[in-house]
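S.K.: Before we start, here is the structure in question, set down as structure tokens.
The values are calculated or read from the model by the stated rules, or taken from the named source; none is laboratory data. In this text the structure is predicted, and so the values were computed from the model without any measurement. Using ideal geometry, Cβ is built from the backbone for each residue, glycine included, and neighbour counts are taken over all protein chains shown. The area values use the complete protein model at the heavy-atom level, side chains included, leaving out ligands, DNA and RNA. Shrake-Rupley method; radii C 1.70, N 1.55, O 1.52, S 1.80 Å.
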Amino acid sequence: MSSILTHAIRNLPASSAWAARVSVQPKSKKTLTKSGVKNIVVVEGVRIPFLQSGTSYADLMPHDLARAALQGLLNRTSVPREVVDYIVYGTVIQEVKTSNVAREAALGAGFSDKTPAHTVTMACISSNQAMTTGVGMIAAGQCDVVVAGGVELMSDVPIRHSRKMRKTMLTLNRAKTLGQKLSLLSKIRPNYFAPELPAVAEFSTSETMGHSADRLAAAFAVSRLEQDEYALRSHTLAKKAQDGGLLLDVVPFKVPGKDTVTKDNGIRPSSMEQMGKLKPAFVKPYGTVTAANSSFLTDGASAVLLMSEEKALAMGYKPKAYLRDFVYVSQDPKDQLLLGPTYATPKVLEKAGLTMADIDVFEFHEAFAGQILANLKAMDSDWFAQNYMGRKSKVGAPPLEKFNTWGGSLSLGHPFAATGCRLVMTTAHRLKKEGGQYGLVAACAAGGQ
């Protein structure tokens, strides 16, 4: 999935690639305003600190994290709750007690019970889908103000009984006599108690994403050394951004019964020597993907406030960015699972009438260092463009001096459904700080999307 944003001086391309374009209103470059189409702006966006799973958020539920992000957004913007027309949230690993986590989080954050809310899921681009759903609702004239976000709690994922045990328990619930119940209980065998553990794997191929990333890295001749170097870059840049106060979207969260969390806890600059000691995590013993060059299981939540430009200005807000275009694409989940950015980027640029040279800020989701580097090689290959994408020539790789310069998912963390909002807000903040106009966001997702 890929999208384009423009920076707004008057205050503000994935994967499926979500490519979004963000723009900051114009310097000397052309405007991307479309005749007859509303300008849709990002007023503000926040996230609670992204934490390694099993740490400070371990005893909470997903709606607790989402509620904290929504409250952080309300506190920062002072937007009246009753002004919000709709709330959309993304999530991947659903808590069965709160299947519509958007609604539960909204009620918990004090929004009116008259404000509709629904939950979407699209793997790692779930909050991207939440945002573009909001964009569509505003563009269609259904709403003026939408809150979109995403949440993931990997510290407490659902673990199910085996299918045989579930079937037995459901049948037992319908049994009417003691004899029927005892008969059913007598059929339970030890293997019934083996739980079904969730896995970050493709249903259609049964392959874990890490295994796919390892194969992708090998296909594009991305070495272990290159992957470790890129991962170290991500952590080093994230640490610099964190220490420099650049991660403006982070809001503190007072964890019930614990201390207030103020910053991401997965940023860990190491050394090439230390990283080189780690063994392959998926393809053993010769794989190149390790724990050090992969994103880690993360808990977190994010939220953004979207409005029509007319509504934002009428309320006295200075937009952070304009959401201009977006594209979703899909590929073969077996061999091209993580190549969404490669496919989405040229499409979103063509929709916007831009080239790679026009983009000032690139923010790509870093699932694995090997995945990022493979995408960069694919984007810079005429052969790949011609033989796999049906294009005459390559789109070109983003220059690293414009690419993920405040770190990325490898270092900041990756709560699956919350990452999209982080990418958009980082793009908006970078555009403002760096004086750029156009930003491009891209991400890959499970299912080859």
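S.K.: When you check ARG215 against the structure, is it at pLDDT 95 or above, under 16 Å from ASP332 (Cα atoms) and among the charged types (D, E, K, R), yes or no? Walk me through it before giving the result.
M.R.: Details: at pLDDT 95 or above: yes; under 16 Å from ASP332 (Cα atoms): yes; among the charged types (D, E, K, R): yes.
When the stated conditions are applied, ARG215 passes them.
S.K.: Tally the residues that are open to solvent by less than 20 Å² (accessible area, probe 1.4 Å), in a loop (DSSP other than H, G, I, E, B) and out of contact with any Pro (no Cβ under 6 Å at 6 or more places or on another chain), restricting the search to region 130-174.
M.R.: 2
S.K.: Scanning region 262-320 for residues that are assigned to a loop (DSSP other than H, G, I, E, B) and among the basic types (Lys, Arg), which turns out surrounded by the most Cβ atoms within 10 Å (Cβ to Cβ)?
M.R.: LYS320
S.K.: When region 250-261 is examined, which residues are found to be open to solvent by 50 Å² or more (accessible area, probe 1.4 Å) and either charged (D, E, K, R) or on the phi < 0 side of the Ramachandran plot (or both)?
M.R.: Matches in region 250-261: PRO252, LYS254, PRO256, LYS258, ASP259, THR260.
S.K.: Confirm whether LYS38 is open to solvent by 40 Å² or more (accessible area, probe 1.4 Å), at pLDDT 60 or above, under 14 Å from ASP358 (Cα atoms) and basic (Lys, Arg).
M.R.: Criteria not met by LYS38.
S.K.: Would you please name the residue that is surrounded by the fewest Cβ atoms within 10 Å (Cβ to Cβ), looking only at residues in region 186-216 that are within 35 Å of the chain's Cα centre (by Cα) and of a type in the set (D, E, K, R)?
M.R.: So the residue we want is GLU196.
S.K.: Checking VAL222 against (1) in a helix (DSSP H, G or I); (2) within 30 Å of ARG422 (Cα to Cα), which test does it fail?
M.R.: Of the numbered conditions (1) in a helix (DSSP H, G or I); (2) within 30 Å of ARG422 (Cα to Cα), the odd one out for VAL222 is (1).
S.K.: From the set of residues in region 381-404 that are open to solvent by 80 Å² or more (accessible area, probe 1.4 Å) and assigned to a loop (DSSP other than H, G, I, E, B), which is nearest to HIS429 (Cα to Cα)?
M.R.: Out of the qualifying residues, it is LYS394.
S.K.: Next question. Checking LEU247 against (1) buried (at least 17 other Cβ atoms within 10 Å of the Cβ); (2) touching a strand residue (DSSP E or B) at 6+ places or on another chain (Cβ under 8 Å); (3) within 19 Å of THR419 (Cα to Cα), which single condition isn't satisfied?
M.R.: Status for LEU247: all satisfied but (2).
S.K.: Of the residues that sit in region 94-129 and are of a type in the set (Gly, Ala, Ser) and assigned to a loop (DSSP other than H, G, I, E, B), which one is most open to solvent (accessible area, probe 1.4 Å)?
M.R.: So, considering only residues that are of a type in the set (Gly, Ala, Ser) and assigned to a loop (DSSP other than H, G, I, E, B), the one most open to solvent (accessible area, probe 1.4 Å) is SER99.
S.K.: Another question, if that's okay. What is the residue count in region 65-93 for residues that are part of a loop (DSSP other than H, G, I, E, B) and under 22 Å from the mean Cα position of the chain (by Cα)?
M.R.: Selection size over region 65-93: 3.
S.K.: Here is a follow-up. What pairs come out if I take residues in region 330-354 that are more than 20 Å from LEU373 (Cα to Cα) and of a type in the set (Gly, Ala, Ser) and pair them with residues that are part of a helix (DSSP H, G or I) and open to solvent by less than 10 Å² (accessible area, probe 1.4 Å) whose C-beta lies under 7 Å away, six or more apart or interchain?
M.R.: No pair meets every condition.
S.K.: Scan (1) assigned to a strand (DSSP E or B); (2) surrounded by fewer than 24 Cβ atoms within 10 Å (Cβ to Cβ) for the single condition PHE326 breaks and write down its number.
M.R.: That leaves (2) as the condition not met.
S.K.: Please go through region 340-372 and give me each residue that is assigned to a loop (DSSP other than H, G, I, E, B), out of contact with any strand residue (DSSP E or B) (no Cβ under 7 Å at 6 or more places or on another chain) and open to solvent by less than 20 Å² (accessible area, probe 1.4 Å), ordered by number. Spell out the reasoning first.
M.R.: We begin by selecting, within region 340-372, every residue assigned to a loop (DSSP other than H, G, I, E, B); these are 353-355, 359-360, 365-367.
Filter again for out of contact with any strand residue (DSSP E or B) (no Cβ under 7 Å at 6 or more places or on another chain), leaving 353, 355, 366.
Across region 340-372, the qualifying residue is only GLU366.
S.K.: Here is a list of conditions, (1) touching an Asp or Glu at 6+ places or on another chain (Cβ under 6 Å); (2) part of a helix (DSSP H, G or I); (3) within 21 Å of VAL135 (Cβ to Cβ), and THR419 meets all of them except one; can you say which number that is?
M.R.: (1)
Rundown of residues vs (1) surrounded by 24 or more Cβ atoms within 10 Å (Cβ to Cβ); (2) more than 24 Å from TYR343 (Cβ to Cβ); (3) in contact with a strand residue (DSSP E or B) (Cβ under 9 Å, 6 or more places away or on another chain), yes/no style:
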site: SER411; (1), (2), (3): yes, yes, no
site: HIS414; (1), (2), (3): yes, no, yes
site: THR427; (1), (2), (3): yes, no, yes
site: LEU431; (1), (2), (3): yes, yes, yes
